[in-house]
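**Q** Dumping the structure here so I can ask a few things about it.
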């Protein structure tokens, strides 16, 4: 049985195409990670001069780390030779563009090989290539290990992530979970690009229309936040309040900064907590909720302060406009079976989008048996109220778009 080829009008074998797409993703992702590691750039920076097998391992560890895969370290301290174990989970940074780009290219190549099989044949093979990609990451997680001196994460509220001088390796479960998340999502995205280029007709699923609306609105809002953050950072750098190297670190973590800000708009908590294991009473923590204020815990003492009213008003306005826009866009993209079903789909998909964003924007590190630090957005009860508002406003947006669409069909002016 011939594997087939798009050049002779036959679809390639789905498994062969998926393997090919996964190989393209892995080679491209690792190649880019290796290049930036050699230039002493990336989410993990090696100590001193790196060459030979060390840079190969550091490049691999960088590829895992930029996909939020937790890193586990073990070894002995150089000074006293005491055994030590550590953990680290790095948030979403601009370096996540490396696996995203590589997987999109791999999914595109895989889908193009399956072009004669139609839309579903193309996308199914691309998704399978993402699964194979995750499987390879799991297998390699047993052999990849490296030391590094610093990360792309700037100091937060005076807390600086300083890794101990031991070798770190990727978590097997993390490699599976986040490998599947990145692999399936971006391989599927590459397949959609290939489908759009190869076929005239487009099948507009209602769930897909709502998902596209939620993602488009979310990305636009976060890009606007990103622009505002860049403007603030540039102003601080010009005034001398922020050093240039610190500004560069802020730019690298912009995806996490704007992702956290986006989740705060919808009622999440931003929590930063440090817990010395040997002295729980010395626990320190900060919790920020845009709509409820700030809570600080230090050595058993809790203090509270409010959030400026204008900050709450701006956050509520952003959320309201985004929900209305999501409803209108969902109808435009093809969700035209009623405003209520559209509102429900947007509610579900918005919750999923927020959940993924919050998980990818969390930071954690620590020494086993000594201390642990966690920073990032977590669930807050205000999210339930925000979810109700999203449902109502997206329903209103969908209703107005449906009326306009019905008016156009009837040859009447839009309402």
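**Q** According to the square roots a ≥ b ≥ c of the eigenvalues of the Cα gyration tensor, what is the shape class of the range 34-147, taking rounded for a/c under 1.5, prolate for a/b larger than b/c otherwise, and oblate for the remainder?
**A** It is prolate, given that a/c is not under 1.5 and a/b is the larger ratio.
**Q** Calculate, in nm to one decimal, what residue 403 and residue 301 gain on full extension: separation in residues at 0.36 nm each, minus their alpha carbon distance.
**A** Details: separation 102, 0.36 × 102 = 36.72 nm, distance 5.54 nm.
So the extension gain works out to 31.2 nm.
**Q** Compute the convex hull volume of the Cα atoms of the range 7-203, divide it by the residue count, and report the result per residue in Å³ as a whole number.
**A** 130 Å³
**Q** Separate question: Could the peptides 382-388, 145-151 be put in order, highest first, of the mean number of other beta-carbon atoms found within 10 Å of their residues?
**A** In descending order of packing, they fall as 145-151, 382-388.
**Q** So, one more: Contour minus end-to-end for residue 45 and residue 196, with contour as 0.36 nm per residue of separation and end-to-end as the Cα-Cα distance?
**A** Full-extension gain reported as 50.5 nm.
**Q** For the peptides 322-329, 136-143, what is the packing order when you average, over each peptide's residues, the other Cβ atoms within 10 Å and list the highest mean first?
**A** Per-residue Cβ counts within 10 Å, averaged per peptide and sorted highest first, yield 322-329, 136-143.
**Q** Another one. Report the full-extension gain for the segment residue 314 to residue 27: residue separation times 0.36 nm, less the Cα-Cα distance, to one decimal in nm.
**A** 98.9 nm
No value in this document is a laboratory result; all are computed from the given coordinates. These figures come from a predicted structure and were not determined experimentally. Heads up, the Cβs are rebuilt from the backbone with ideal geometry, glycines too, and the neighbour counts pull from every protein chain shown.
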